[in-house]
Amino acid sequence: MPTVKLDKSNLTTSGFHALSDPLRIRILELLKQQEYCVCELCDRLDVTQSKLSFHLKTLKEAELITGRQEGRWIYYRLNLSQLVLLEQYLSEYRRFIDTLPARTGDDIPL
């Protein structure tokens, strides 16, 4: 099944969607240290391979991780260039910091 290349806006959206799940964040945290194969990730995260595969697919589609085949195993690592793009997207909002009114905590709805 061929993968569809997403445009920048869809890639940004899928990147933030991928970051919205606690297990996917845990996967990224592990991959900050080194690359891992699926079996190692399953062991470290204490999840089944089918559950992990679903989350790895989401991260791959968002291009937040890449994989390389070595024998029977696929080893996953961070795709730092995509993480940089998400960081750059968010950094564009820094210019609004000085123009926003100060928040006291009382004005935040519960």
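The set of residues in segment 23-56 that are touching a residue at least 12 places away in the same chain (Cβ under 8 Å), among the hydroxyl-bearing types (Ser, Thr, Tyr) and surrounded by fewer than 17 Cβ atoms within 10 Å (Cβ to Cβ) contains only Ser53.
The selection criterion, being within 15 Å of the chain's Cα centre (by Cα) and assigned to a loop (DSSP other than H, G, I, E, B), does not hold for Glu87. In the set Leu86, Leu78, Leu90, Leu59, which member is modelled with pLDDT under 95, buried (at least 17 other Cβ atoms within 10 Å of the Cβ) and closer than 22 Å to Ala18 by Cβ? Testing whether each residue is modelled with pLDDT under 95, buried (at least 17 other Cβ atoms within 10 Å of the Cβ) and closer than 22 Å to Ala18 by Cβ leaves just Leu86. Name the residues in segment 25-76 that are over 30 Å from Ser9 (Cβ atoms), acidic (Asp, Glu) and part of a loop (DSSP other than H, G, I, E, B), would you? Once the filter is applied, which keeps residues that are over 30 Å from Ser9 (Cβ atoms), acidic (Asp, Glu) and part of a loop (DSSP other than H, G, I, E, B), segment 25-76 yields only Asp46.
A Cβ distance below 7 Å, combined with a sequence gap of six or more or placement on separate chains, defines the contacts here; from segment 65-77, residues that are over 14 Å from Gln49 (Cβ atoms) and touching a residue at least 12 places away in the same chain (Cβ under 8 Å) reach residues that are part of a strand (DSSP E or B) and charged (D, E, K, R) in the pairs Ile65/Arg77; Thr66/Arg77; Tyr75/Arg68.
The values are calculated or read from the model by the stated rules, or taken from the named source; none is laboratory data. Since this is a predicted model, take the numbers as computed values, not measurements. For neighbour counting, all protein chains shown are included, and Cβ atoms are generated from backbone atoms with ideal geometry for every residue, glycine included.
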